[in-house]
1. State all residues of the stretch 79-94 that are in contact (Cβ under 8 Å) with a residue 12 or more places away in the chain and more than 13 Å from the chain's Cα centre (by Cα); if no residue qualifies, say none.
2. Can you tell me which residue is most open to solvent (accessible area, probe 1.4 Å) among those in the stretch 134-181 that are within 25 Å of Asp7 (Cα to Cα) and charged (D, E, K, R)?
3. Among the candidates Leu105, Leu114, Leu55, which residue alone is in contact (Cβ under 8 Å) with a residue 40 or more places away in the chain and either within 30 Å of Arg136 (Cα to Cα) or out of contact with any His (no Cβ under 7 Å at 6 or more places or on another chain) (or both)?
4. Among the residues of the stretch 193-206, which ones are touching a helix residue (DSSP H, G or I) at 6+ places or on another chain (Cβ under 9 Å) and either among the β-branched types (Val, Ile, Thr) or open to solvent by 10 Å² or more (accessible area, probe 1.4 Å) (or both)?
5. Name the strands (runs of 3 or more DSSP E) wholly within the stretch 1-95 that hold at least 2 residues that are open to solvent by 30 Å² or more (accessible area, probe 1.4 Å) and farther than 19 Å from Leu199 by Cβ?
6. Return the residues of the stretch 112-121 that are in a helix (DSSP H, G or I) and open to solvent by 60 Å² or more (accessible area, probe 1.4 Å); say none if nothing qualifies.
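The values are calculated or read from the model by the stated rules, or taken from the named source; none is laboratory data. Keep in mind that this is a model prediction, so the values were computed, not measured. Because the Cβ atoms are built from the backbone with ideal geometry, glycine has one as well, and the counts that use them run over all protein chains shown. Ligands, DNA and RNA are excluded from the accessible area calculation, which covers all protein heavy atoms including side chains. Shrake-Rupley method; radii C 1.70, N 1.55, O 1.52, S 1.80 Å.
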Amino acid sequence: MGETIIDLKKADLTLGRDAASVHVLKGIDLQIAAGQSVGIVGPSGSGKSTLLMVLAGLERLDRGEIHIGGAALHTMSEDQVADFRGRNIGIVFQSFHLIPNMTALENVAVPLELANVKDSFAIARRELEAVGLGERLSHYPGQLSGGEQQRVAIARALAPQPRLLIADEPTGNLDGDTGRQISDLLFAEQARRGMTLVLVTHDPALAARCQHQVRMRSGEVVGAEATPVTSGRKVSA
């Protein structure tokens with residue numbers, strides 16, 4: 001395996017309290033090489049979306065270690081994690097998460113401005129053109145189709161030039177044809193930029209497009225395709 005961009009060691013997380021608590025991640029060991037595309041798959045409730053949120057720095061582990069690009073997120077404060085995420089990790093959600101009273105251009109540019117990135121609107125325009133929305137810059141989310149909204153969300157995630165792109169059910173709210181177009185875009189941009197793509201999906205066709213698949217069940221990694229499963233729950237992708 002080449003350079004490791006994701007390294008989880010005995011990652012453990014329980015959500016909720018007392019009788020409502022759920023042991024979501026159970027001592028996961030996972031390594032993913034830089035530049036790979038990896039699909040995280042498994043039944044509902046297996047912990048795959050929570051694992052993705054841990055990788056994105058949006059959930060903190062109770063125990064264990066998480067290194068992203070050599071940075072130890074488990075030792076950082078929330079502000080430090082947020083700063084690291086803004087510079088290194090792009091996130092695409094199923095439900096787009098666009099700001100309704102901002103144009104497509106503003107939805108991409110404003111996060112860059114808040115991060116003190118120079119030429120934020122020029123960068124936003126370039127990224128929107130790259131995802132095929134050069135003619136829709138001044139449109140608001142309510143004026144865009146679902147596929148167009150997801151393209152805006154992808155442009156926003158890619159604008160900081162992240163090393164790692166995280167996608168949680170990126171085609172889940174789209175029809176089949178539109179979903180395939182969004183999938184094509186994600187994999188094309190991943191290849192063009194040489195970044196790592198990690199996504200959660202229930203769609204077998206989308207998962208099959210990834211170079212590797214990590215399978216989860218009941219909060220554990222139980223196997224992988226295209227790479228050997230080593231002892232315990234450790235999977236190298």
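1. Step one: filter the stretch 79-94 for residues in contact (Cβ under 8 Å) with a residue 12 or more places away in the chain, giving 81-82, 84-94.
Within the stretch 79-94, Val81, Ala82, Phe84, Arg87 qualify.
2. First, pick out the residues of the stretch 134-181 that are within 25 Å of Asp7 (Cα to Cα): 154, 157-170.
Those left that are additionally charged (D, E, K, R): 163, 168-169.
On the way: Arg163: 92, Asp168: 28, Glu169: 24 Å².
Out of the qualifying residues, it is Arg163.
3. Working: Leu105 fails: in contact (Cβ under 8 Å) with a residue 40 or more places away in the chain; Leu114 fails: in contact (Cβ under 8 Å) with a residue 40 or more places away in the chain.
Only one candidate passes the filter, namely Leu55.
4. Quick first cut of the stretch 193-206, residues touching a helix residue (DSSP H, G or I) at 6+ places or on another chain (Cβ under 9 Å) only: 193, 195-201, 203, 205-206.
Arg193, Thr196, Val198, Val200, Thr201, Asp203, Ala205, listed by residue number.
5. Numbers: elements: 4-15, 22-33, 37-41, 63-68, 89-92.
In the stretch 1-95, 4-15, 22-33, 63-68 are the strands (runs of 3 or more DSSP E) which contain 2 or more residues that are open to solvent by 30 Å² or more (accessible area, probe 1.4 Å) and farther than 19 Å from Leu199 by Cβ.
6. At the first step, the residues of the stretch 112-121 found to be in a helix (DSSP H, G or I) are 112-114, 120-121.
Answer for the stretch 112-121, where residues must be in a helix (DSSP H, G or I) and open to solvent by 60 Å² or more (accessible area, probe 1.4 Å): Glu113, Leu114, Phe121.
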